[in-house]
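Chemist: The structure under discussion is supplied below as C-alpha cells; questions concerning it will follow.
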Amino acid sequence: MLKTTPLNAAHRALGARMVDFGGWDMPVNYGSQIEEHQAVRRDAGMFDVSHMLAVDLHGAGVRAFLRFALANATDKLRDPGGALYSCMLNHEGGVIDDLIVYFFTDECFRLVVNAGRAENDLAWLGSLKEGFGAELELRPRRDLAMIAVQGPNARERVWQALPETRAATAAMRAFHSVNLGEMMLARTGYTGEDGFELLLPAAAAEGLWRQLLGCGVKPCGLGARDTLRLEAGMNLWGQDMDESVSPLDAGLAWTVDLDGARDFVGKAALLARPRSRQLLGLVLADKGGVLRGRQKVSTPEGEGVVTSGTFSPSLGRSIALARVPLGVKAGALVQVSVRDRQLTAKVVKPPFVRNGKILIN
Amino acid sequence: MKTPEHLKYTTTHEWIRTEADGTLAVGITDHAQAVLGDIVFLELPPVGKRFGRGEPCAVIESVKAASDINMPVAGMVVAANDALAKAPEQVNADAYAAWMFRIKPDNAADIGGLLDAAAYAGHAEK
C-alpha cells in the first residue's frame, strides 16, 4: 500500500501520471515534463513535496545537539528564520542524509529531510539523542504538507494567492523563513530558481494548491524536479552521495565545517580520510544518447562514474554529475560508456543553469 | 490510450502496420510514449541488418529512461526514419504517425502471431 500526500486527489484530478516514488504515490508529470521544467525556469511552477518530512526539535539542548549531529555549523544560524543546508553523517563520515535546518528560536529548530530517509533519520537522531543525554524532544510533523513554488515569478504568484503574506516576506532574503499563523514560508528550493517552500497543515494544502492553480502556477511533477535540480548542480541523496560516500568526495565540502574545535559526528573520519574524488559536471558532446547514473567515465587520470544524468531541457543536450579523480579539470574531454558505445563528454563545473541563465559554454 | 484497429501490436508496446508492398512499418504505441514521457533520443537500426523476433534493434530515450525497441517478427530492416531521429519529440505528438523503421519479414505469416488492438489494449491496461 503506497503512502499518499494530502494532495493525492488533486494530482489525479489534474491527470497526473502517478508512480511509486520510494513507497509514495507521487506525480512524475502531468503532461510534458519538459514544459513543466520550462515553466519553472521562465515563470512559476509548483511541486507537492509533502512526502518530505519536517522534524521539529524542541528543548534547551537543541543547539548543542545540532552542533554535534550535523556536519555544517548550525551556529552560523543567528537570525530567527535563518536556514542552512547540511549533511548528517555517520561515524564513518558517510552521508546519512542531506537536509535543510531552520532556526526558529534557541529552543526550537526544524529539519526538513528526504522522504526516503525519514524513518532512518528519525531512528538515527533518536539514537544520537540518547547518547547525548540533552533535554531534547523530536517531533516528526506528518501533520504538515509541503508545496514548493518555484520560478522567477513564484513569489509574486504566492503573494497573489496569499496577499496577507506579502508584507512579512517581501524583504526576506534567500535561505530565510517566517512562520505566519500555521504556515511556514521559506525562501528555499531545489530548482536553482527563486521561490518559496510552503509548509502548512495537511487539511489546508488542497485549498492552497487550487488558489495557486488559479493564479497561473503550473503543477510540476517529480520528473521536472529532477531535471531542474540537476541543471542547478544540486545533489540527490542515493545517487550523488550515500552512506558510503564522504561529502568531501561528493562536491559537498562547502557544507562541511571542519574549522575550529567543534566536534561532530563523522568529523574524525573526514579528517582521517582526506578528499579523494570530486563531483563535476558533464555535458555530452555527441548526440548519441543520454547520460544516466552508473555509466563508467574514462579520464586520463583514471576512472569515474556518472552519479546522476539526464537530458537538460535548458541546454537541449544531455548533462550529468559524475564522481571523478581529483586531477580531472573543467574543459577536459572524457569518454562515457553509454550502452554499448563510448561517447565524448566535456567536463564542466556545475551548476549548469541558475536563475534562468545557462552558466556553462 | 489510443489503439487503432488497423494496426497489430506486441506485448513490448510496438505497433506494426502492413504496407502496400508487404513490408512492415514499426513504431511504439501511444501507451508507451505516455509512460516514457518526453522523448529526446532515438537510435534506429542499420538498414540491411537482420534481427530475430523479439531482438532489441533500436533504442528510445526519454528524459526519464532508456528503452529498447524490439523486432516484432524476424526479418531485415529495409528503411529507417532518419527524419524522426532528428525530431524524436514527434513520437509524443502522434505515436502512430511516427514510424521508426520498416522491415521485410522473413515469413509474412508471422504477422498472424501479433496482437490485435483489443488484445493489446487488454495487455496495456494490466
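Each reported figure results from applying straightforward, stated rules to the coordinates on display, with no laboratory input. As the structure is a computational prediction, the values presented were derived from the model and not from experiment. We place every Cβ from the backbone using ideal geometry, glycine too, and count neighbours over all the protein chains shown.
Chemist: Taking other Cβ within 10 Å of each residue's Cβ, how do A:Arg173, A:Arg110 sort, fewest first?
Modeler: On the way: A:Arg173 9, A:Arg110 23.
Exposure proxy ranking, most exposed first: A:Arg173, A:Arg110.
Chemist: Right, next: Looking at B:Ala83, A:Gly151, A:Leu198, which one has the Cα that reaches farthest to the positive end of the dipole of the protein assembly as shown (charges on Cβ: Lys, Arg +1; Asp, Glu -1)?
Modeler: Farthest along the dipole direction, towards plus: B:Ala83.
Chemist: Using a Gaussian network for chain A with springs between C-alpha atoms less than 10 Å apart, which of these wobbles most: A:Arg141, A:Arg292, A:Arg262?
Modeler: Fluctuation is largest for A:Arg262.
Chemist: Another one. Which pairs, out of A:Lys218/A:Lys357; B:Lys2/B:Lys86; A:Lys76/A:Lys346, put more than 27 Å between their alpha-carbon atoms?
Modeler: Violating the 27 Å Cα-Cα cut-off are A:Lys76/A:Lys346.
Chemist: Pick from B:Ala80, B:Ala98, B:Ala34: which is most flexible by mean-square fluctuation in a GNM of chain B where alpha carbon atoms under 10 Å apart are linked?
Modeler: B:Ala34
Chemist: For every other residue with a beta carbon closer than 13 angstrom to the beta carbon of A:Leu333, add +1 if it is Lys or Arg and -1 if Asp or Glu, then tell me the sum.
Modeler: Taking every other residue near A:Leu333 into account, the sum is 0.
Chemist: Can I ask one more? If you average the sequence gap of Cα pairs under 8 Å that are 6 or more apart and divide by the length of region A:276-358, what percent do you get for the contact order?
Modeler: 36
Chemist: Of A:Val95, A:Cys215, A:Ile358, which is farthest towards the positive pole of the protein assembly as shown's charge dipole, taken about the Cα centre with +1 and -1 on the beta-carbons of Lys, Arg and Asp, Glu respectively?
Modeler: Among A:Val95, A:Cys215, A:Ile358, the one farthest towards the positive end of the dipole of the protein assembly as shown is A:Ile358.
Chemist: Just want to confirm a number: the relative contact order over chain B, from Cα pairs under 8 angstrom separated by 6+ residues, in percent.
Modeler: Averaging sequence separation for qualifying contacts and normalising by length gives 32 percent for chain B.
Chemist: Moving to a separate point now. For a quick check, take a GNM of chain B with Cα springs below 10 Å and name the residue from B:Asn92, B:Asn70, B:Asn107 with the largest mean-square fluctuation.
Modeler: B:Asn107
Chemist: All other residues with a Cβ under 12 Å from the Cβ of A:Ala203 taken together, and with Lys, Arg as +1 and Asp, Glu as -1, what is their net charge?
Modeler: Overall, the nearby charge balance is -3.
Chemist: Only helical DSSP H runs with n ≥ 4 go in: add -39500 (n - 2.57) per run for chain A, normalise by residue count and round the 222 nm mean residue ellipticity to 500 deg cm²/dmol.
Modeler: -6000 deg cm²/dmol
Chemist: Still on this structure: Quick one: grab the alpha carbon gyration tensor of region A:60-146, order the square roots of its eigenvalues as a ≥ b ≥ c, and give me rounded if a/c is under 1.5, else prolate or oblate depending on whether a/b is larger than b/c.
Modeler: rounded
Chemist: Further question on the same structure: Hey, what number do you get for chain B at 222 nm if only DSSP H runs of n ≥ 4 count, each worth -39500 (n - 2.57), divided across all residues, to the nearest 500?
Modeler: On the way: 4 runs with 25 residues, N = 126.
One gets -4500 deg cm²/dmol as the mean residue ellipticity at 222 nm.
Chemist: Under the rule a/c < 1.5 gives rounded, and otherwise a/b versus b/c splits prolate from oblate, where does region B:8-106 land using the Cα gyration tensor? Intermediate values should be presented prior to the final figure.
Modeler: Working: a/c = 1.59, a/b = 1.57, b/c = 1.01.
Because a/c hits 1.5 or more and a/b exceeds b/c, region B:8-106 counts as prolate.
Chemist: Now a separate question. Hey, fewest Cβ within 10 Å first, where do A:Leu252, A:Leu213 land in order?
Modeler: A:Leu213, A:Leu252
Chemist: Compute log10 of I(q)/I(0) for the protein assembly as shown with the Debye formula, placing one identical point scatterer on every Cα and leaving out solvent, at q = 0.10 Å⁻¹, to two decimals.
Modeler: Log10 I(q)/I(0), no solvent term: -0.83.
Chemist: Let me know the mean shielding of B:36-44 by other chains, meaning the per-residue number of their Cβ atoms within 10 Å of its Cβ.
Modeler: Average neighbour count from other chains, rounded to a whole number: 5.
Chemist: Determine the relative contact order of chain A: mean sequence separation of Cα pairs under 8 Å and six or more apart, normalised by residue count, in whole percent. Please list the in-between numbers first.
Modeler: Details: 843 pairs, mean separation 66.6, N = 361.
Relative contact order of chain A: 18 percent.
Chemist: Of A:Lys3/B:Lys64; A:Lys3/A:Lys349; A:Lys129/A:Lys267, which pairs sit farther than 26 Å apart, going by alpha carbon to alpha carbon?
Modeler: Working: A:Lys3/B:Lys64 22 Å; A:Lys3/A:Lys349 37 Å; A:Lys129/A:Lys267 18 Å.
In this structure, A:Lys3/A:Lys349 lie more than 26 Å apart at Cα.
Chemist: Shifting gears a bit: Antiparallel versus total DSSP beta bridges in the protein assembly as shown: what percent is that, nearest 5?
Modeler: 95
Chemist: Dipole magnitude of chain A about its Cα centre, charges +1 at Lys/Arg Cβ and -1 at Asp/Glu Cβ only, in debye to the nearest 20?
Modeler: Charge dipole, chain A, about its Cα centre: 1180 debye, nearest 20.
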